[in-house]
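The values are calculated or read from the model by the stated rules, or taken from the named source; none is laboratory data. None of these values were measured; they are calculated from a predicted model. A quick note on method: Cβ atoms are made from the backbone with ideal geometry, for glycine too, and the neighbour counts reach across all protein chains shown. Each accessible area value is taken on the protein alone, full model and side chains, heavy atoms only, with ligands, DNA and RNA left out. Shrake-Rupley method; radii C 1.70, N 1.55, O 1.52, S 1.80 Å.
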Amino acid sequence: MKIAVLGGDGFVGWPTSLHLSDAGHEIHILDNLSRRWIDTELGVQSLTPMDSIQERTRVWHAETGRRIHFHLIDLAKDYELLKGWFARHRPDAIIHFAEQRAAPYSMKSDRHKNYTVNNNVNATHNLLNAMVELDLDAHLVHLGTMGVYGYSTVGAAIPEGYLPVGIETMDGRTVSQEILYPSNPGSIYHMTKCLDQQLFAFYAKNDGLRITDLHQGIVWGTHTEQTRRHAQLVNRFDYDGDYGTVLNRFLIQAAIGYPLTVHGTGGQTRAFIHIQDSVRCIEIALKNPPQRGGRVEIFNQMTETHRVRDLAEMVAGMTGAQIAWLPNPRKEAAENDLVVKNEKFLNLGLAPTTLGEGLLEEIVDVAKKFAYRVDRSRVPAVSAWTRDIAAKVEHDPEGKRLKSVS
Ligand code: USQ
């Protein structure tokens with residue numbers, strides 16, 4: 001297949017591009033390199049040293065003889081360029097990762113909220129609009145988030161996208177319907193993914209676009225089979241308070257002797273998936289497109305759920321790290337349970353990589369190898385969800401706001 005990977009320079013986009021190129025597909029990365037600009041804005045860098053996208057693709061070609069093509073296009077701003085590219089290349093499938101993906105970054109300031117909404121919603125809408133205008137019957141696979149459902153404890157498993165409901169009619173009957181599971185975003189970033197869902201539902205219904213939305217959990221790990229092949233193919237690995245995600249952050253913190261930064265009581269339960277499974281899921285989704293005229297296909301792309309404090313205690317037990325119980329910069333439930341259905345991928349052959357000491361130790365080793373690149377002052381998460389919270393969570397690069405360290 002000829003596949004356009006929008007956002008193919010990012011944390012999941014890059015290993016996905018390699019995985020699909022390795023499987024024999026013709027890969028075109030379309031990216032505006034915004035993630036690299038945001039590193040510059042924040043004054044941070046990936047823990048792992050990343051080469052330019054051109055250098056990465058050159059090394060991949062030298063290693064495998066396969067070409068990955070790169071096109072510098074901003075989906076949100078360059079509609080005509082995007083449309084022109086699709087008109088010339090007419091890909092069979094499009095994978096859409098081209099969105100600002102960090103909740104803390106999206107909550108930093110009014111400017112960051114505007115940027116996240118404008119960028120994410122315009123990117124998705126420009127893409128859908130161009131597909132219709134060009135009568136492009138490509139299968140669109142979008143990387144969504146488990147966060148569209150929210151994390152409240154309702155005592156029922158979260159289904160894969162749709163919820164059967166009974167609606168009482170005016171003449172007293174009950175009619176059954178399946179609706180999109182009520183969205184309950186916890187950040188501006190998560191909200192943009194809820195808006196994406198509405199755009200997808202409309203374009204599938206109105207124009208018959210074939211769309212798959214992957215509701216992904218928190219990704220952990222850094223290497224995949226392909227990124228291991230050469231030092232310069234390494235994936236990015238974020239540790240800072242905006243872009244680092246919880247388990248990867250704990251592992252890096254353990255490697256550099258920084259107390260593990262648990263927010264509140266660490267009672268938040270979240271869904272997780274290893275990066276290797278993430279790229280496998282995307283390939284499985286590509287092989288199983290929905291019918292034209294059907295509804296949006298939704299998969300829950302996660303393999304297990306864990307409570308944050310359990311992860312911290314596990315990493316502490318494995319490495320001897322201390323745990324810091326910090327005031328939570330986010331507005332979120334202090335404790336929640338989470339049960340998630342994920343049978344669709346399992347039935348299509350996904351064999352989950354679960355949290356095992358071997359893989360966790362490998363990540364700590366990667367972190368130790370590149371520990372000299374870590375700026376400890378960028379470890380605390382200082383983006384506060386509301387003004388009230390901001391007043392309590394002051395920026396403190398030395399970690400003096402630690403409530404207690406166990
Ligand atoms: N947390 C800590 N300590 C930290 C960092 C996070 O206790 O140092 C807590 C947070 O308060 C939160 C949980 O860990 O309760 C998860 O935070 P996270 O930063 O790992 O994940 P999140 O902000 O939800 O976002 C990440 C990705 C996003 C993806 C989402 C999937 O950045 O792109 O959509 O995970 S999910 O969480 O399932 O919605």
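Descriptive notes on the structure:
- Test: residue 75 is open to solvent by less than 10 Å² (accessible area, probe 1.4 Å) and touching a residue at least 24 places away in the same chain (Cβ under 8 Å): yes
- Index of the failed condition, residue 350 passing every other in (1) open to solvent by less than 50 Å² (accessible area, probe 1.4 Å); (2) within 30 Å of residue 283 (Cα to Cα); (3) not in a loop (DSSP other than H, G, I, E, B): (3)
- So residue 195, is it within 16 Å of the ligand (Cβ to nearest atom), under 20 Å from residue 162 (Cα atoms), among the hydrophobic types (A, V, I, L, M, F, W, C) and open to solvent by 50 Å² or more (accessible area, probe 1.4 Å): yes
- Being over 30 Å from residue 331 (Cβ atoms), surrounded by fewer than 19 Cβ atoms within 10 Å (Cβ to Cβ) and touching a residue at least 24 places away in the same chain (Cβ under 8 Å) is a property that holds for residue 59.
- Within region 314-334, considering residues that are touching a strand residue (DSSP E or B) at 6+ places or on another chain (Cβ under 7 Å) and among the small types (Gly, Ala, Ser), the one surrounded by the fewest Cβ atoms within 10 Å (Cβ to Cβ): 334
- Whether a residue is surrounded by 15 or more Cβ atoms within 10 Å (Cβ to Cβ) and away from the ligand (no atom under 16 Å from the Cβ) was assessed, and residue 82 passes this test.
- Every condition in (1) outside any loop (DSSP other than H, G, I, E, B); (2) in contact with a Pro (Cβ under 8 Å, 6 or more places away or on another chain) holds for residue 143 except the one numbered (2).
- When 36, 66, 58 are checked against the criterion of being of a type in the set (Lys, Arg) and farther than 30 Å from residue 375 by Cα, 66 stands alone in meeting it.
- For residue 249: the one exception among (1) among the charged types (D, E, K, R); (2) open to solvent by less than 40 Å² (accessible area, probe 1.4 Å); (3) assigned to a strand (DSSP E or B): (3)
- Subset of region 213-247 [in contact with a Pro (Cβ under 7 Å, 6 or more places away or on another chain) and charged (D, E, K, R)]: 242
- Considering only residues in region 131-150 that are farther than 14 Å from residue 210 by Cα and either within 15 Å of the ligand (Cβ to nearest atom) or open to solvent by less than 10 Å² (accessible area, probe 1.4 Å) (or both), the one that is modelled with the lowest pLDDT turns out to be 150.
- Among residues of region 298-313, those that are more than 12 Å from the ligand (Cβ to nearest atom) and open to solvent by 50 Å² or more (accessible area, probe 1.4 Å), counted: 1
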